[in-house]
Amino acid sequence: MAQAYLDIRNLKKHYGEGEALLQVLRGIDVQLERGEICVLLGPSGSGKSTFLNMVGGLEPADSGSIVVNGTNIATLPDKKLVEYRRKELGFVFQFYNLVPDLTVQENIEVCAYLSKNPLPMKPLLESLGLYEHRHKFPHQISGGQQQRCAIGRALVKNPGLLLCDEPTGALDYKTSKEILQLMEEVNQQYGCTIVIVTHNDAIRHMAHRVLRLRDGVMAEDSVNEHVLPAMQLEW
Ligand SMILES: Nc1ncnc2c1ncn2[C@@H]1O[C@H](COP(=O)(O)OP(=O)(O)O)[C@@H](O)[C@H]1O
Ligand SMILES: [Mg+2]
């Protein structure tokens, strides 16, 4: 059988030593196919961000493998890891991480320069609903628009893998649903694989795959047979 797009085996991670030792991930196995939307649930402190950061090459694993599109990034030297992050990966954080002195369009452009085949700027700005706001600075737009801009930064590279850590965690209900709809569109339009970390259980209904972290293991790994459009989610 062909290897999955994302193939994680026996992934382990701890923090601290001795009395303060915290075994956050105790041996995680996950396989995702290209183009899947995956929602990763779990209580606060269960290791969701730790997991995502390791898949994003931002934190080293203790042991195990993380194969993305055929490359085990858990054993890559730093230089190659930077290349992986540039080429393959889009990362969206809960708190936007925009550059305050750059306009909306410039924030997205600096990320476009990192890619060999960036998406064209105008249609991207339009699908983000930011075209008419493109010359504004982050402090001049709403939280939802800032998160759209952050998603634009991740998407402009046309990444194979989009990792989102609580992308709606700081947003109201209506804006959250718009952001989730945008992710759904991006998935359908560009076929990128998306992992959304959230503690909002309702979001699971828009995913093809649902994972749940608890006590350092994947307590749930299920296929969602009845995927709902993000628009229809309620919580
Ligand atoms: N850099 C760190 N050093 C020590 N402990 C950490 C560090 N990062 C996270 N932790 C701990 O690891 C556990 C998992 O954290 P995290 O992955 O942020 O959980 P989640 O994103 O599910 O809320 C928590 O108990 C947290 O305090
Ligand atoms: Mg977290």
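Between Val24 and Lys13, His14, Tyr15, the built amide H atoms are under 5 Å apart, and every one of these is 5 or more places off in sequence or on another chain.
In this calculation the C-beta distance from Tyr15 to Asp221 is compared with R0 = 30 Å, giving a FRET efficiency of 0.80.
Relative to the current alpha-carbon distance between Val110 and Ser65, full extension at 0.36 nm per residue lengthens the span by 13.1 nm.
Is there a quick way to get the dipole size of the chain? I mean about its Cα centre, with the Cβ of Lys and Arg at +1 and of Asp and Glu at -1; what is the value in debye to the nearest 20?
Working: 24 positive and 28 negative charges, 104 e Å.
So the dipole magnitude of the chain works out to roughly 500 debye.
When a footprinting reagent is the concern and you count Cβ atoms within 10 Å, what order do His199, His208 take, fewest first? Walk me through the intermediate numbers first.
Working: His199 14, His208 18.
Lowest to highest Cβ neighbour count: His199, His208.
By the gyration tensor of its Cα atoms, with a ≥ b ≥ c the square roots of the eigenvalues, what is the shape of segment 122-195: rounded for a/c under 1.5, prolate for a/b over b/c, or oblate? Note, shape of segment 122-195 comes out oblate.
Coupling constants for segment 54-67 follow from the phi torsions by the Karplus curve (6.51 cos²θ - 1.76 cosθ + 1.60, θ = phi - 60°), and in residue order they are 6, 5, x, x, 8, 9, x, 8, 6, 7, x, 10, 10, 9 Hz; glycine and proline get x.
Across the chain, where is the longest run that never hits GluC sites (Glu not before Pro) in a DSSP loop with at most 15 other C-beta atoms within 10 Å? Working shown, then result.
Values: sites that count: Glu17, Glu33, Glu225, Glu234.
Free of exposed loop sites, the longest segment is 34-224.
By the count of neighbouring beta-carbon atoms within 10 Å, fewest first, Tyr84, Tyr15, Tyr190 end up ordered Tyr15, Tyr190, Tyr84. The phi-based Karplus calculation (6.51 cos²θ - 1.76 cosθ + 1.60; θ = phi - 60°) puts the 3J(HN,Hα) values of segment 189-198 at 6, 10, x, 6, 7, 10, 10, 10, 8, 7 Hz, whole numbers, x for Gly and Pro. Computed extension length for Asp29-Glu132: 32.7 nm, one decimal, from 0.36 nm per residue of separation with the Cα-Cα distance subtracted. Share of antiparallel DSSP beta bridges in segment 6-232, in percent to the nearest 5? The antiparallel proportion sits near 55 percent.
Out of the trypsin sites (Lys or Arg not before Pro) in segment 82-118, which ones are loop residues according to DSSP with at most 16 other C-beta atoms within 10 Å?
Working: sites: Arg85, Arg86, Lys87, Lys116; in loops: Lys116.
For trypsin sites (Lys or Arg not before Pro) across segment 82-118 that sit outside H, G, I, E and B with at most 16 neighbouring Cβ atoms in 10 Å, the list reads Lys116.
For the pair Leu22 and Met121, a Förster radius of 41 Å applied to the C-beta separation gives a FRET efficiency near 0.40, rounded to the nearest 0.05. For the chain, the 222 nm mean residue ellipticity estimated from helices alone, with every DSSP H stretch of n ≥ 4 adding -39500 (n - 2.57) and the total spread over all residues, rounds to -8500 deg cm²/dmol.
Every number in this text was worked out from the coordinates using simple rules, so none of it is lab data. Please read all numbers here as calculations on a predicted model, not as lab measurements. Every residue, glycine as well, gets a Cβ built from its backbone with ideal geometry; the counts of neighbours run over all protein chains shown.
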